[in-house]
Each structure stands twice: as structure tokens, then as C-alpha cells.
Amino acid sequence: MKNFIFLMVFFALAACTDGGGGSTIEESLDDAFETDLAVSGATQNGLCYVDQYAPDEADVIRDLDIIIVPDTSTSIKEERGDIAQGFDYFLNALPEEVNVRIGVILGHSPNSNLAGKLYQKNSEPVVLDSQESSVSDLIIDLNTKLNNPKTDNKSDGGEMGQLSLELALTTNRDHLIENGLLRENASLLIVFIADEQDICFEYPDHIIPVEDKQNVEPKAKNKYCLNDEDEVSITPNSTLEAIKNAAGDRPMVVGGVIYTSLDTMPVNGENEIGYGYKEVVELAGGINVDLASGDYGPGLERLGTMARAAVKAESVFNLKSANLDLDRFNITVDGEEVPFSYVAETNQIELAEERDPFSVARIEYCEKKENPLIATQVVAGGFHTCAVYKEGTVKCWGQNNFGQLGYGHTNTLGDDESVDSIPYLDIDERVVDLSAGFAHNCAVLESGKVLCWGANDAGQLGLGHTDSVGDLTGLASAIKLDFGEKAQRIYSGTRYNCALMESQNIICWGQNDAGQLGLASTENLGDNEDYTTFPYVNVGAKILQMDISTISNHTCAALVDGDIKCWGNNQFGQLGYGNTEALGDDEVPADLDSLSFSSKILKLATGFLHTCALGAGQKIQCWGYNTLGQVGLGYVDQIGDDEAANSVGPIAMTETKPMITMATGNNHTCSIGIDHKVYCWGLGALGATGHGNNQHIGDDEAVTEVNSIVDINAEFTQISGGTNHTCALEKAEGKIICWGQNSSGQLGLGHTNNIGDNELPTEFVSLK
């Protein structure tokens, strides 16, 4: 069978506004799609694209040039080696006839003589070539380059990948060509690897940078990233432009292996979302693989699928933006509309049927309008909900009998008023993390202090008394808890909290009737003790992530080695040790055995009486109380009461649908897949799972993508479960949608009708 090179004709269609005469934006877009040339106009509805694929007369296939740009910090030595090993998945996703060449450019500053140049560590080839080496030999040589490369102390170990890549593709372009890259007949793939942001990244207002205590990064940014007007000149747009210029009219793909979610990123050192790299990838329409996942093969395989489409575009096509209007696709072959599907995992269009290689495929699509980000976090409490806005401000709505909304009264909000009419809480610092208990909330402030308000009957506010806060007065004079070091994250259970500190220790306070504080007692802490006396919980290891949720009385922590420990109430085996004895009531967690799973645990979620863990490879397994299918195994037997939690494998659906995060409610569980869609199972009553009915999922049938997906026409990045309601944060604009029980207006819709019990969730909260 012949192989063909496909020429891609690209038209950038400026977005269309109302064309006059009563025409709508949608009609204008339809008119634009009917033309062969670009239609100019305002950018109100984003940019529109036409990608055309037609067979060329030349009987050749494109080759593939790969440039890998790693952060060379020693903090991800192990991960870089694992990523190198995972590249066999990538290579095996390509057509056998494709010639692949791989070069590595270290993320060094111009202070290093390796900046912008191809890296050779030992005697391995400068550029690896699939025509000269087997796949196994390529992986060995790639591991040599990535495992322990030379570092650069002027860029905090090597965290200037954007600048180094731009230097390589511009000033040192001839160096790449002389070594066999940037071939005229080759597609181009760029892959960033990092556990922090790029040093040149200019943070938007809603992101608070992780502090570089050595002050190396600010110095490097000022020295290397600014132009003569002291403006940042190395930006995601400038890096993408350099990549486009290097690729010319040849296809290109951009990907990253970076931290993508605060939910799974280890709270450790200077770890940070891969800002800068993340934006370059998204602007290019590429995909990012979560560095926290640990199992990089499947993610790199998805990147390989994109590379395959770049070198051999037949029935699967890459798109040039990740911020797409999913309702604005028009796909034709030889002028006739054809059925297709959008594959969110790889940001591709896939035709329902294979097309003739001599046909002309035309892919027409538009970006969404760039609206300002609204919220960055949503938390669901017992019967209330709170949102953190991008400015670090907070609003709360729903039940307010203990002042848990924080407005100085006990009136319910959101039941007959819109959230946009509710004021922001009177907090004089930016909120960087927020948690909700049954009837109280706690916030980590920019200073690292913790502020709590609402019910306080068990000392859960940590103030040495049991008086509620927020019921009679607002929060302007509320006491902030200063533990002597900065808190990083906060977690709230029914009537207690745990703060994860910079030192990777935890401090817990509040209700302790089941030993949930882990202090080898059952006495509450914080009802008559000064918060400055609260001890660290003796876990016996440093902690990366943990969880206690709105209505739970047990606590779980993910340790630095990937194992977990759980303590507190264990009535149904929710601690996972194969028994039902409470733990932490007369022993400290350091005395407990760790639970090891088949992969490192990245995130935990504790429901009322069940627990779920998200492991490397992005699979979920759950244990504990299961009468409603909340454990997701297709039956209602408890797990963990007489068998260890690690004896039962992951939920089958998550073996094939990787998940990026999850949350638990009272008796239901929800997760977000790599397609950024929401999946829920367990209790269906009151609409908690959002399926438009009251049927439980997972009790007598397997949990599948089909029966668990929450059918909302949007993509999501974060989810939170209340007692019987669920809220999710939308990806592009930070909008919030909630479903389930709404007896106190906790869904924020201005009424008290449940949503999701006999209708699908469609209405977003009016946040502002």
C-alpha cells in the first residue's frame, strides 16, 4: 500500500461578530465555513480554523523529529528515567515506516554552554535515529541523556526550558540541522519535562508562586527573561512562534510531562504546576501528561497517537488549539459532511469511517471566546457550598444555621437569591486553599495562617472554646491560626480538620471520638486548648497528600513512598486494614502498618464510611461501606472489613479511562477523567450522581463510562462532594455547576429544587 504525504492548508478565520441584519454569531460562523478564504471580523467568538488534508503527488511519508526539553533538577531524576522508559509506548504508536530522530536540549540558562544545544552525556549519539538503532537501544540511549543530566545552578538546576528551546530554534538553528534535525520532510514534536514552572513565566494575578527560598529563580528571570523595557520577552506565545517558524509548513505537535493538577501534585519542596510549558502546549493544541501519574507509558502513547496523525493524517486529525467550542465543528470529505467524534484525551477529530487516501478532508472548528477566569476552587460542605474566586476572595451559600457562610447572620442564602448578589466574605488576605466540613469551613491564607468559621461544638475552629464564628459577626475580626510554620493545604471532616504544613507534617484538631485526630486518645482538641499547643500527628513518615471529607470521621494520608495510612472510625472497614477496629484512639499512626498498593497513591478521598484512592496510572480503587455501590465494584459487599483494601483491584472502568481527580460524598463517589468529563456512582437518590434519575450505580452492575458519565456539555478540572450534593469547576472559565440535594439552596440556583434526580444538570451558578 502506498504511503502519501498530506499537505495541510491552514486558514485562520478571524472570529465573527453579529453581521447585521439580525444575523447571529452562529449564522455568521456557518457563513464563514462556506467560504474558501478567511473571513475577517472581530474576535468576539474566538478564532476559527480550516485544516485541509489532500494527497500530494509525491509518494513519500513524513518522518518525525523529536526535541525533548527536560528540567535538569535533581528532584526529578527518577521521573526522567521513567519517562525515558515510557517512550517505548510512544514509539510503538507510530507507523513502522516512520523514521524517528530524537534530540535533547537541556532547560539551561544562557550562563551554561549547553543552553540551546543538543546534549550528549557520554558516547551515545548526539541525535538518536530509529534507522540506526532498535527501539530498545533508543530507549537505553534516551535514558542516558535524561536520567542524570548536567545541571545549571544559574537556572535553579535547569528550569529555563522555554528560553533554551527558543535559543536552539533561532540562534542555533544551523546546529540542529547539521546534526540531522529539522528535516524538510519531517514533522516536529516538542516535549517539555518539568516539576516546576518555567522561570520566565509571568504569573497571572490568580496564581501565587511557590516561594524559591534561595532566590535563584527571580534573579534568573530578571537577567535572562526581560527585554530592554523590562518586559518579559520569553512567553508561551514567543516560544510557540519559534516552534511554528522551525516547523514551517510541516505538521507539529507539542506536549509536556508536567504537574497538571494540585489534587495530585505532591506537596513537597518547590513542586509546582508546569506553568509556561502548560500554556505553550495548550496554545498549540497538544496534551500534557501528569508528572504525578508515575506511569508514563499510557500518556506518552496518547502523545504518540498525535504524532502518528501528524506524520500520516488519514482518518484521525490533530487540532491547533485546546480551547475549543465543541459545538462548532464542520467535517467534510470531498465536500460531503461525514460522521466523526471528538477525542478529548488527545484533542483530535476521528472520522467514523476510513477515507480514501486520495480524498480531501476538511476540518473546520473554532476556539471558544476567551472569557476571564472566574473561580479557582469549589468546596461542598454538608448542606452548603463555597467558591474561591481568582482574586483569592470567597463566597458561600446554602445552609447557615451555625454561621458557616461567614456573613454574621444565620440566614440561608442561595435558596431564593442568585449567588452573584451575595457579597464576598470579609477576609483581609487571599485564600489559597479552602475546605468545608459538615457545618464549618477553614481556609489557608496567603500568609500560611489558617482561618476557620461556622459551627464549633467540638472545637473544630481551633480557638479554645466552642462558640460558633460567623453567626453574629462577619470574619473581619476572626482569629487566624498561626502554627509557627506555613500551612500548605487544609482538609475538613465532619467536625475536625487537618492542616498539611510546609514540613510535610500534619496538625489535626476538633472532634476525636473515634481517634480521627491520630493522637492516641479520644479527647477533642481545640475546645479548651490554645492552638499554639497543637502537636504534629506522629505519622512516622512525611506526607505528600491526604484527605478528610465533609462528612467523614476517618483520616487518610498518602506518604512520600506512595503507601497510605488511615485512622479513625472503622465501622465498615473504611480504613482498609481487614478489620473494623477504630485506630488512632489509643495508638498513633506511626504504630500502624502502611498499606501498599500496586502503584503509588497520588490522591485520597474519604466519604462518610468509604474511602477511595487514585494511584499512579490514574486508576481508582475504593473500599469500606458499599450498600449503595459507592465502592464501584458492581456488588454491595463491604471491602476492607475482613480483607485488606489492597487485595481488591481498581474499578474496572478506570483501567481503560484514566482519571485525574476524584471526590466522595456521603454515599457516592465522583471522578474526572482525562477527557475532563465527570463520572459518578453510588447513591442516586436526590440526584447526587447527576444522572437524571434516582437509580444507584455500582450496586448490582459494573460501573462503566456509559452508566456513570454526568452528561454536561463542558469540561471540568476539580470536583467536590457534600452530603448529598456535588459541585464541579469548569475548565476554561472557572464556572461552577452543582447537582443533587438542594434543600437549603446549596446548589446556588436561587431555588430549593433538587437537580439531577429527574433532569440532567445544565444550569451553572451565577457567580458574578
For the residues Asp152, Asp547, Asp212, what sequence is obtained by ranking on other C-beta atoms within 10 Å, fewest first?
-> Asp212, Asp152, Asp547
For an R0 of 25 angstrom, estimate the FRET efficiency from the Cβ-Cβ distance between Thr533 and Glu502 and round to the nearest 0.05.
-> 0.80
What is the calculated FRET efficiency for Asn758 to Asn227, with r their C-beta to C-beta distance and R₀ = 60 Å, to the nearest 0.05?
-> 0.55
Would you mind calculating the relative contact order of the chain from Cα pairs under 8 angstrom and at least 6 residues apart, reporting the percent as a whole number?
-> 9
Going by average Cβ neighbours within 10 Å, how do the peptides 528-537, 681-690 rank, with the highest at the top?
-> 681-690, 528-537
Cβ under 11 Å from Met546's Cβ, Met546 left aside: what net charge do those residues give with Lys, Arg +1 and Asp, Glu -1?
-> +2
Percent relative contact order of the stretch 375-740, based on C-alpha pairs within less than 8 angstrom and at least six residues apart?
-> 12
Take Tyr342, Tyr577 and order them by how many other Cβ atoms sit within 10 Å, fewest up front.
-> Tyr342, Tyr577
Report, to the nearest 10°, how far helix 296-311 tilts away from the longest principal axis of the Cα atoms in the chain, using its own Cα long axis and a range of 0 to 90°.
-> 30
What is the list of residues in the stretch 73-103 whose amide nitrogen lies under 13 Å from a point 7 angstrom out from the Cα of Ser594, following Cα to Cβ?
-> none
If you bin the C-alpha pair distances of the chain every 20 Å from 0, what whole percents do you get?
-> 17, 48, 31, 4, 0
Going fewest to most other Cβ atoms within 10 Å around each Cβ, Phe329, Phe340, Phe608 line up as Phe329, Phe340, Phe608
Roughly how tilted is helix 77-92, in degrees to the nearest 10 and between 0 and 90, from the longest Cα axis of the chain?
-> 50
Stretchable slack from Glu655 to Ser447, in nm (0.36 nm times residue separation minus alpha-carbon distance) = 70.8 nm
How would you rank 256-267, 350-361, highest first, on the average number of other Cβ atoms within 10 Å across their residues?
-> 256-267, 350-361
Which three semi-axes in whole Å describe the equivalent ellipsoid of the stretch 294-444, each the square root of 5 times a Cα gyration tensor eigenvalue, listed largest first?
-> 48, 18, 13
Relative to a virtual label point 7 Å from the Cα of Lys768 in the Cα→beta-carbon direction, which members of the stretch 183-226 show backbone nitrogen distances below 15 Å?
-> 204-207
Once both labels are modelled 7 Å past Cα along the beta-carbon direction, what's the Glu485-Asn268 spacing in nm?
-> 1.6
Between Lys219 and Ala476, what is the FRET efficiency for a Förster distance of 35 Å, r being their Cβ-Cβ separation, to the nearest 0.05?
-> 0.35
Distance in nm between label sites at Asn113 and Leu326, each 7 Å beyond Cα in the beta-carbon direction?
-> 5.3
With the Cα gyration tensor of the stretch 449-592 in hand, convert its eigenvalues to equivalent ellipsoid semi-axes via √(5λ) and list them largest first in whole Å.
-> 25, 17, 12
List the aspartates and glutamates whose alpha-carbon lies under 12 Å from that of Lys600, not counting same-chain residues fewer than 8 positions away?
-> Asp295, Asp561, Asp563
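Coordinate-derived values only; no laboratory data. Keep in mind that this is a model prediction, so the values were computed, not measured. Reconstructed Cβ throughout: ideal geometry from the backbone, glycine too, with neighbour counts over all protein chains shown.
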